[in-house]
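Data first, discussion second: the structure below is written as structure tokens.
The values are calculated or read from the model by the stated rules, or taken from the named source; none is laboratory data. Small disclaimer: the values here were computed from a predicted structure and weren't measured. Counting neighbours? That spans all protein chains shown, and the Cβs are built from the backbone with ideal geometry, glycine included. Heads up: the accessible areas ignore ligands, DNA and RNA and are worked out on the full protein's heavy atoms, side chains in. Shrake-Rupley method; radii C 1.70, N 1.55, O 1.52, S 1.80 Å.
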Amino acid sequence: MKSGQSLSLKGLSDSLGMSAMPIREALRQLEGIGVVEIIPHRGARVRPLSLDDLVDTYDARIPLERALIRRTAARMDDATSARVRGVLDRQAEALATGNFAAARSAHEDFHLTLYRAAESPWLFRLCKQVWLNSERYQALTMTEYAHVHERRLEHQAILDACQTHQPDKAEKALERHLTRTVTFLSSAMANEHEEVEHRTLTSRAP
């Protein structure tokens, strides 16, 4: 689904081969986590991407994930460590072959596997809601090699701190990672906006 895309209940029902009731409920759930807007008497649409929403999302993400990673660093065991290392290897392989969908999936698995290891169901639930919205922005930069390479090094630093049971170091590495990510995404959105304006002005030129 694209930013701002209209969502027709009938269209979704026809394309998915489902009745309207479960689709209506799914849209309500997506509205609850901020991904979809339901406009009375007009239908639904994918909530548009915006710089304000991006910053607000990360302002909510960072405290939650800092708390989770501290707990994980204190509890990290060999089994979790091996799973997370495997996820990073899977992400590297996906990027090497240009499979960006698989790379995004591995990126999600990396963070969420670490956060589940914190053993805090409430923190994890809250984090997952914000995470789903923030992932809509990640697609803007997934094909930027330099950005992806830097993020991989940051992921490794987070994992290293967790493996050595250093909560302070893990928290700082994670906060640095998320702060750099939102800065990069903000820049990408600004550049995209400038390009759209330029194309619009060019198309209107005589």
Inset, instruction - Identify the single condition in (1) within 26 Å of residue 180 (Cα to Cα); (2) free of Cβ contacts under 8 Å to residues at least 24 places away in the same chain; (3) in a loop (DSSP other than H, G, I, E, B) that residue 18 does not satisfy, given that it satisfies every other one. - result: (1)
Inset, instruction - Answer yes if at least one residue in region 33-44 is more than 17 Å from the chain's Cα centre (by Cα) and at pLDDT 90 or above, and no otherwise. - result: no
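Condition first: of a type outside the set (A, V, I, L, M, F, W, C) and open to solvent by 70 Å² or more (accessible area, probe 1.4 Å). Now tell me which residues in region 23-55 satisfy that.
Within region 23-55, 24, 25, 28, 29, 31, 40, 41, 42, 45, 52 meet the criteria.
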Inset, instruction - Confirm whether residue 172 is at pLDDT 95 or above, under 19 Å from residue 60 (Cα atoms) and among the basic types (Lys, Arg). - result: yes
Legend entry - Candidate set from region 1-15 (those that are surrounded by fewer than 11 Cβ atoms within 10 Å (Cβ to Cβ) and assigned to a helix (DSSP H, G or I)); member that is modelled with the lowest pLDDT: 10
Legend entry - Meets criteria (open to solvent by 70 Å² or more (accessible area, probe 1.4 Å) and either in contact with a His (Cβ under 7 Å, 6 or more places away or on another chain) or part of a helix (DSSP H, G or I) (or both)) for residue 71: yes
Inset, instruction - Give the number of residues within region 95-111 that are open to solvent by 10 Å² or more (accessible area, probe 1.4 Å) and either touching a residue at least 12 places away in the same chain (Cβ under 8 Å) or touching a strand residue (DSSP E or B) at 6+ places or on another chain (Cβ under 8 Å) (or both). - result: 7
Legend entry - Given (1) open to solvent by 70 Å² or more (accessible area, probe 1.4 Å); (2) within 21 Å of residue 167 (Cβ to Cβ); (3) part of a helix (DSSP H, G or I), index of the condition residue 114 fails: (1)
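Quick check on my filter: what residues within region 117-155 are part of a loop (DSSP other than H, G, I, E, B) and either under 22 Å from residue 67 (Cβ atoms) or at pLDDT 90 or above (or both)? It would help to see each step written out before you state the result.
Taking region 117-155 first, the residues part of a loop (DSSP other than H, G, I, E, B) are 117-120, 139-144.
If the condition is that a residue be part of a loop (DSSP other than H, G, I, E, B) and either under 22 Å from residue 67 (Cβ atoms) or at pLDDT 90 or above (or both), then 117, 118, 119, 120 are the ones that fit.
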Legend entry - Residue under evaluation residue 81, criteria (1) open to solvent by 20 Å² or more (accessible area, probe 1.4 Å); (2) closer than 22 Å to residue 168 by Cβ; (3) not acidic (Asp, Glu), criterion not met: (1)
